[in-house]
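Shown next, in structure tokens, is the structure this report addresses.
The values are calculated or read from the model by the stated rules, or taken from the named source; none is laboratory data. Owing to the predicted nature of the structure, the values given are computational and were not obtained by experimental measurement. We place every Cβ from the backbone using ideal geometry, glycine too, and count neighbours over all the protein chains shown.
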């Protein structure tokens with residue numbers, strides 16, 4: 001043999017922790033409304049389920065028709081307010097609009113004067129505290145549309161000349177769309 005010899009050792013066997021017997025059943029518990037009860041399982045531990053034919057209630061039909069009541073319209077309703085010939089020589093706030101029931105609303109500003117005008121959209125939760133939502137400058141002889149970016153219950157438009165001593169005249173259109181308003 002060489003310089004190194006092979007050493008043989010005997011391993012000790014550890015006692016088995018589990019018996020060789022197969023498990024015959026597994027207990028699973030579940031709630032039966034008020035109390036905890038065991039659920040029946042097969043030898044592999046899977047829940048046993050008893051299937052029964054499901055019956056449709058007698059009121060079910062294959063096709064049911066749905067009628068929309070006569071007093072409910074689902075089409076889009078349009079409304080418009082027009083304020084003409086507004087002379088803008090200093091900052092002027094137009095009357096606020098309650099936009100809580102509107103889906104879409106916008107202001108169209110037609111500048112009929114010789115100088116540009118600045119239009120600011122303001123929003124308010126209570127019709128007394130207003131915050132700026134967006135603004136734009138409308139050049140002389142041009143038309144622009146302003147749409148609020150955020151929602152609060154009230155909306156108004158504030159008009160002002162871009163420079164002192166340069167008044168102008170504008171028309172303002174406030175247009176809205178509402179969907180499915182109930183008609184009384």
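Table for the structure above
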read-out: Residue check for residue 162: in contact (Cβ under 8 Å) with a residue 60 or more places away in the chain, assigned by TED's automatic domain parsing to the domain that holds residue 115 and closer than 18 Å to residue 115 by Cα; value: no
read-out: Only listed residue being in contact with a strand residue (DSSP E or B) (Cβ under 7 Å, 6 or more places away or on another chain), modelled with pLDDT under 90, closer than 18 Å to residue 175 by Cα and surrounded by 15 or more Cβ atoms within 10 Å (Cβ to Cβ), chosen from 102, 97; value: 102
read-out: Residues that are at pLDDT 95 or above and either touching a helix residue (DSSP H, G or I) at 6+ places or on another chain (Cβ under 9 Å) or more than 14 Å from residue 106 (Cβ to Cβ) (or both), drawn from the stretch 169-184; value: 169, 170, 171
